[in-house]
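Participant: Dropping the structure in here first, questions after.
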Amino acid sequence: TTTITQSPTLTVTNTVAPTDIAAPQTLTYTIVVDNTGNTSLTNVAVVDPQATTGPAYVSGDSNSNDIMEVDETWTYTATYEATQADIDNGSDIVHTASVTTTEVTTAVTDDATTTITQSPTLTVANTVAPTDIAAPQTLTYTIVVDNTGNTSLTNVAVVDPQATTGPAYVSGDSNSNDIMEVDETWTYTATYEATQADIDNGSDIVHTA
C-alpha cells in the first residue's frame, strides 16, 4: 500500500494601478492565483465585493478545462470607479481579493491599496464698484470664491469686517447642498457706505475679503 498525501494550497497576489490618486478615476486590479499545492483545484472562485466590475478571468487555464492544475497560474482583473466621495474621504482605498476552491475551503486573501492625495485649495477675487469716489456713496463689493483644489469644501465662510452689509451669498452652489464642489465658483456681495468722514480723510478705502 502506498498512501497519498494531498496538500491543496494556493497563493493570491492582488495589485492595483494606479496606487495613488488625486481625482476620480478607474482603478484596475490584477489578481494572480497560483496553485502551489500537489492537487488540482476545482470550482475556483475569485471575489472582490467592492469591485465595480469583475473579477473576470483573463488567462492561465492552459487546456481550458476549468481545472487549475498543479503549478498553473490564473489571472483575473477587476475594476473600481473611485469617486469624488472617495477623494473627499481621504482614506486609503483597500480592496481584498479572496479565493476559494472545492479543495481549499478557507479563503486565501490579499489586499491592494490605493492612497488618496488631498489638495484642498481655493482662490478669492474681490472687486469693488466704483473704484473712485468724490462724495459719500455706496460701494459694492463682488467676492468670487473658486474651489481650485481636488476636494469638496464645507462650511465656507466669507468675511469682510469693514462691510456695512454682507458678504451675502449670491450664486454658484449648483446643487444647493452648501458644499463647494471641485471647480465650483461661488459669488458673494457686500456693501460699504462711504461717508463724508472717508472723503475728508482722503485715504484709500481698502476692504479685505
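The values are calculated or read from the model by the stated rules, or taken from the named source; none is laboratory data. No experiment lies behind these values; they were computed from the predicted model shown. Here the Cβ positions follow ideal geometry from the backbone for every residue, glycine too, while neighbour counts run over all protein chains shown.
Participant: So for segment 137-151 (the condition being in a loop (DSSP other than H, G, I, E, B) and loosely packed, with under 12 Cβ neighbours inside 10 Å), does at least one residue qualify? It would help to see each step written out before you state the result.
Facilitator: First, pick out the residues of segment 137-151 that are in a loop (DSSP other than H, G, I, E, B): 148-151.
Those still in the list that are loosely packed, with under 12 Cβ neighbours inside 10 Å too: none.
No: zero hits.
Conditions (1) under 30 Å from residue 84 (Cβ atoms); (2) surrounded by fewer than 11 Cβ atoms within 10 Å (Cβ to Cβ); (3) modelled with pLDDT under 95, marked per residue:
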{"site": "168", "(1), (2), (3)": "yes, no, no"}
{"site": "172", "(1), (2), (3)": "yes, no, no"}
{"site": "181", "(1), (2), (3)": "yes, no, no"}
{"site": "185", "(1), (2), (3)": "yes, no, no"}
{"site": "190", "(1), (2), (3)": "no, no, no"}
{"site": "194", "(1), (2), (3)": "no, no, no"}
{"site": "197", "(1), (2), (3)": "no, yes, no"}
{"site": "203", "(1), (2), (3)": "no, yes, no"}
{"site": "208", "(1), (2), (3)": "no, yes, no"}
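Participant: Would you point out which residue out of 114, 96, 123 is in a strand (DSSP E or B), closer than 30 Å to residue 145 by Cα, modelled with pLDDT of 95 or more and in contact with an Asp or Glu (Cβ under 8 Å, 6 or more places away or on another chain)? Spell out how you get there, then give the answer.
Facilitator: Details: 114 fails: closer than 30 Å to residue 145 by Cα; 96 fails: closer than 30 Å to residue 145 by Cα.
After ruling out the rest, the residue left standing is 123.
Participant: Within 17 Å of residue 96 (Cα to Cα), among the polar types (S, T, N, Q) and buried (at least 19 other Cβ atoms within 10 Å of the Cβ): which single residue out of 35, 14 fits that description? Talk me through it step by step, then tell me what you get.
Facilitator: Working: 35 fails: within 17 Å of residue 96 (Cα to Cα).
When all the criteria are applied, what remains is 14.
Participant: Looking only at segment 1-44, count how many residues are in a strand (DSSP E or B) and not acidic (Asp, Glu).
Facilitator: Our first condition is that a residue be in a strand (DSSP E or B); within segment 1-44, this holds for 10-17, 20-21, 25-35, 41-42.
Pick out the ones that are also not acidic (Asp, Glu) and you get 10-17, 21, 25-33, 35, 41-42.
Qualifying residue count, segment 1-44: 21.
Participant: Inside segment 162-190, can you point out the residues that are part of a loop (DSSP other than H, G, I, E, B) and touching a His at 6+ places or on another chain (Cβ under 9 Å)? First the steps, then the outcome.
Facilitator: Applying the first criterion (part of a loop (DSSP other than H, G, I, E, B)) to segment 162-190 yields 162-164, 172-178, 181-184.
Hits for segment 162-190 are 162, 163.
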